[in-house]
Amino acid sequence: MAGSNGKGSICAMLDAILRKAGYRTGLYTSPYIQDFTERIQVNGECISGEALARITEHVRTLAEEMDDHPSHFELITAIAMVYFVEQKCDIVVLEVGMGGELDSTNVIDSPEAAVISNIGLEHTEYLGDTIEKIAATKGGIIKSGCNAVCYDGLPEATETIRKICLQKGVPLTSVDFSRLTPVSQSLDGQIFIWDKTEYFLSLLGPHQLHNAAAVLETIEVLRERGFSIPAEAVKEGLRCVRWPARFEKICSKPLFILDGGHNPQGADALAECIRTLLPEKNIIFLIGILADKDYTNVLATLMPFTKEFICLTPPNDRALDAKDLAGYLTLRGIKAKACPDIGSGIRTALDAAGPDDVIIAFGSLYLVGAIRTIFPEVYRDHSSLYSGLESAERTISDRL
């Protein structure tokens, strides 16, 4: 599974459906939100600390004997592969770390289905400075003997994937969004029709319907390749899937939403969620961004919706300092304030929110992961709002 946006959500949906169909699944994703073990799961359960430590020691011993020492991500991938073999998984849903062709996940033989999600400009210093170059790198997961499924996004990306499939003799399914009809949506989920069948999707936002379409096309491909996936398993998988920090509601009073989008495409998806689900609401953004991201375009997309920005420094070496971010926004006439730590940022946002205001934490998965971890404690201490904690702690623990 490669692409710029939607990879994790598509992987989560596929994993949920395949489990409902009775398969023992492995799921490998990155980065994690709150706990490292989230990255390696079998049948929806994170790898245990004991298993992680044991396999890590084994892999470390082998790595130290190599002249070309593996990278951090390569080591994690090796640990995951060992675990999936030990656990006798029937099928593994494997998310690429970055790119595709040279990613360590691409060490596998031909996959059952090589799925390409929405592609945009990202990691240009590594993947190339055009959509075509980036698509070619991500298309490196396509191998002879597999089927390919491609999100029908930017024409130049789709055409690049088509050429790769033609060269390798791989059947290509381009996601046909005309088969998709939205029916209704709320902060509890959304209903849509795909080829006359009605589905309920627990994930929020119009962009998730497009991701679901890619999932449904992939399920059809897997059926063609011999997998038994009943219609009811598809319905139940989409109904129960959980994928934290993707337009995730963690509190209702005030409405507090986490979204891990971090690039212009993610900002576009968030803006569309706001337009459709939160019309005419005042938005307070609790935001932190990595300095190497295209944050100028991200902020330009979100500025029209905001009441104010509360700026934080994400817990990452590549973070843009909160003071620099606030200064950038202030120079453009936007109300912005820098906070020294995540806890104070949450409290500041809660203090600033009126009864009808919405707080959205956005800009980096590193940031929203940290917010998700400490939010219940900060909210409890914010006694005037305690009665509105609609189950933040339960929601957070249930969705891990």
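The values are calculated or read from the model by the stated rules, or taken from the named source; none is laboratory data. If you're wondering where the values come from, they're calculated on a predicted model, not measured in any experiment. Neighbour counts are summed over all protein chains in view; Cβ atoms, including those assigned to glycine, are modelled from backbone coordinates with ideal geometry.
For the stretch 241-262, give me each residue that is surrounded by fewer than 20 Cβ atoms within 10 Å (Cβ to Cβ), touching a Gly at 6+ places or on another chain (Cβ under 8 Å) and part of a loop (DSSP other than H, G, I, E, B).
LYS253, PRO254
For (1) surrounded by fewer than 16 Cβ atoms within 10 Å (Cβ to Cβ); (2) more than 30 Å from ASP152 (Cβ to Cβ); (3) among the basic types (Lys, Arg); (4) in contact (Cβ under 8 Å) with a residue 60 or more places away in the chain, each residue gets a yes or a no:
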| residue | (1), (2), (3), (4) |
| --- | --- |
| GLY26 | no, no, no, yes |
| VAL42 | no, yes, no, no |
| ARG60 | yes, yes, yes, no |
| THR77 | no, no, no, no |
| ILE91 | no, no, no, yes |
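So, in the stretch 205-240, how many residues would count as being buried (at least 23 other Cβ atoms within 10 Å of the Cβ) and not in a helix (DSSP H, G or I)?
1
Residue by residue, here is whether (1) polar (S, T, N, Q); (2) buried (at least 19 other Cβ atoms within 10 Å of the Cβ); (3) touching a strand residue (DSSP E or B) at 6+ places or on another chain (Cβ under 9 Å) holds:
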| residue | (1), (2), (3) |
| --- | --- |
| LEU94 | no, yes, yes |
| ILE134 | no, yes, no |
| SER144 | yes, no, no |
| VAL175 | no, yes, yes |
| THR181 | yes, no, yes |
| TYR199 | no, yes, yes |
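Name the single residue that is nearest to ASN43 (Cα to Cα) among those in the stretch 57-84 being in contact with a strand residue (DSSP E or B) (Cβ under 9 Å, 6 or more places away or on another chain) and of a type outside the set (S, T, N, Q).
Restricting to residues being in contact with a strand residue (DSSP E or B) (Cβ under 9 Å, 6 or more places away or on another chain) and of a type outside the set (S, T, N, Q), the top hit is PHE84.
Looking only at helices (runs of 4 or more DSSP H) that lie completely in the stretch 292-400, which have at least 1 residues being at pLDDT 90 or above?
Passing ranges, in order: 295-302, 322-331, 342-352, 365-381.
Go through GLU50, GLU57, GLU74 for me and flag whichever is modelled with pLDDT of 95 or more, in contact with a Ser or Thr (Cβ under 6 Å, 6 or more places away or on another chain), assigned to a helix (DSSP H, G or I) and over 25 Å from ALA214 (Cα atoms).
Matching residue, one of GLU50, GLU57, GLU74: GLU74.
Which members of the stretch 148-178 meet the condition of being within 20 Å of the chain's Cα centre (by Cα) and assigned to a strand (DSSP E or B)?
Hits for the stretch 148-178 are VAL149, CYS150.
Being among the polar types (S, T, N, Q) and either surrounded by 16 or more Cβ atoms within 10 Å (Cβ to Cβ) or under 21 Å from the mean Cα position of the chain (by Cα) (or both) is the filter here, so list the residues in the stretch 297-330 that pass it.
Matches in the stretch 297-330: ASN297, THR301, THR306, THR313, ASN316.
Considering only residues of the stretch 224-254 that are of a type in the set (Lys, Arg) and under 25 Å from the mean Cα position of the chain (by Cα), which is farthest from PHE192 (Cα to Cα)?
The residue in question is LYS249.
Could you please tell me which pairs satisfy a Cβ distance under 6 Å, a separation of 6+ or placement on different chains, a first residue in the stretch 366-379 that is small (Gly, Ala, Ser), and a second residue that is assigned to a helix (DSSP H, G or I)?
That search, which allows pairs on different chains as well, returns ALA370/ILE342.
What pairs come up if the first residue lies in the stretch 347-358 and is closer than 9 Å to PRO254 by Cβ, the second is among the basic types (Lys, Arg), and their beta carbons are under 8 Å apart, counting only those six or more places apart or on different chains?
ASP356/LYS281; ASP357/LYS281; ASP357/LYS307; VAL358/LYS281
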